[in-house]
1. Where a Cα-Cα gap under 26 Å defines reach, which lysines qualify for residue 59, not counting those fewer than 8 residues away within the same chain?
2. Only Cα pairs under 8 Å and at least 6 apart count here; give the relative contact order of segment 61-117 as a rounded whole percent.
3. Could you pull out which residues in segment 26-61 have an amide N less than 15 Å from a spot 7 Å beyond the Cα of residue 123, following the Cα-Cβ vector?
4. Binning every alpha carbon pair distance of segment 20-98 at 10 Å from zero, what are the percents per bin?
5. So if I take the centroid of the Cα atoms in segment 90-141 and the same for segment 28-76, what is the distance between those two points in Å?
6. If you stretched the chain out fully between residue 78 and residue 92, how much longer would it get, using 0.36 nm times the residue separation minus the C-alpha to C-alpha distance?
7. Determine the sum of side-chain charges near residue 104: Lys and Arg each +1, Asp and Glu each -1, restricted to other residues whose C-beta is under 15 angstrom from that of residue 104.
8. Run through segment 33-141 and list the trypsin sites (Lys or Arg not before Pro) located in a DSSP loop whose Cβ has at most 15 other Cβ atoms within 10 Å.
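What follows draws every value from the coordinates through simple rules; no lab data is involved. All values reported here derive from a predicted model rather than from experimental measurement. No Cβ is skipped: glycine too gets one built from the backbone with ideal geometry, and neighbour counts run over all protein chains shown.
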Amino acid sequence: MRTWFLAVLSLVVGVMTAAAFAQDSKSSLQIERGKYLAEQVARCQDCHTPKTATGELIKEQWFKGTTLNVTPSAPIADWHQKSPDITSTSALWQRWGQDGLVGFLQTAKNPRGGKAGPPMPAYTLTKDDAEAIVAFLKTLP
């Protein structure tokens, strides 16, 4: 009887460990995909990270928001002079939450229904891509 119990217990622990490992692996893959999409495809850091006087991105302030040094040649309504901090500790994250950020990347509308203001592109990403980017942003302090 005791051997049977130990065998069942061992099987349960093994299944739980495998499930946890699979979830961690899935999360890691999602975060890596989000990092790739944010940094290599959308290049979010170009507008959301401050730069030095020589134009180098300041790694210690990655995605922390900054004053934009670009202006349109002709006036554009609702042009933003600053980009927000989009890291997990930001006021924007606190107001919108994870679901609000995912929705924004899917619909180009904020949680109150307002549209993305220029120069922010009006992204309409798939749910998987939006969730991946937000999972990556969530890892940023």
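1. 35, 51, 82, 138
2. Values: 51 pairs, mean separation 14.7, N = 57.
In percent, rounded to a whole number, it is 26.
3. Flagged as within label range: 30-49.
4. Reading the bins upward from 0: 16, 37, 33, 11, 3, 0.
5. 15
6. On the way: separation 14, 0.36 × 14 = 5.04 nm, distance 1.82 nm.
Length difference between fully extended and current span is 3.2 nm.
7. Details: positive: 95, 109, 112, 115, 127, 138; negative: 85, 99, 129, 131.
Charge balance in the 15 Å sphere: +2.
8. Values: sites: 33, 35, 43, 51, 59, 64, 82, 95, 109, 112, 115, 127, 138; in loops: 43, 64, 112.
Loop-located and lightly packed - 43, 112.
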